[in-house]
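Everything below concerns the one structure shown next.
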Ligand SMILES: [Zn+2]
């Protein structure tokens, strides 16, 4: 069960709610923008290769943005569920308590700082090109 007080849990819920509405706003703005661009694309009659590759690039950027938003929203939902279940302070790797300060700064964190650093090192190692 959670070792956090009601006030602490409420603070985390507040931060998560704020993150969620920020991302929803960003997503709506991005969708609205991309909707405008597609409309312009459809309205345009002549496309040469150059225009198409620019359009492809824009779509790729939009998809990447939306994917990031969706992933972040999913993480926020998961954190809200962990909070509701009283498990949010439990490190996913070692089961120890994630500090409240850490969660307040980053409520979607799943690991304590030690496990996160180990995770980041492993992850960074895999993605760092060898010089
Ligand atoms: Zn841990």
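Counting other beta carbons within 10 Å of each residue's own, what order do 59, 23, 76 fall into, fewest first?
Listing 59, 23, 76 from fewest to most nearby Cβ atoms yields 59, 23, 76.
List 15, 70 from most exposed to least, where exposure is judged by having the fewest other Cβ atoms within 10 Å.
With the fewest neighbours first, 15, 70 line up as 70, 15.
Find how much the distance from residue 93 to residue 68 grows on full extension, using 0.36 nm per residue of separation minus their present alpha carbon separation; answer in nm with one decimal.
Contour length minus the Cα-Cα distance gives 6.6 nm.
Bear in mind that the values in this text are calculations on the coordinates, not laboratory data. Computed from a predicted model, the values in this text were never measured in an experiment. Note that each Cβ is placed from the backbone with ideal geometry, even for glycine, and that neighbours are counted across all protein chains shown.
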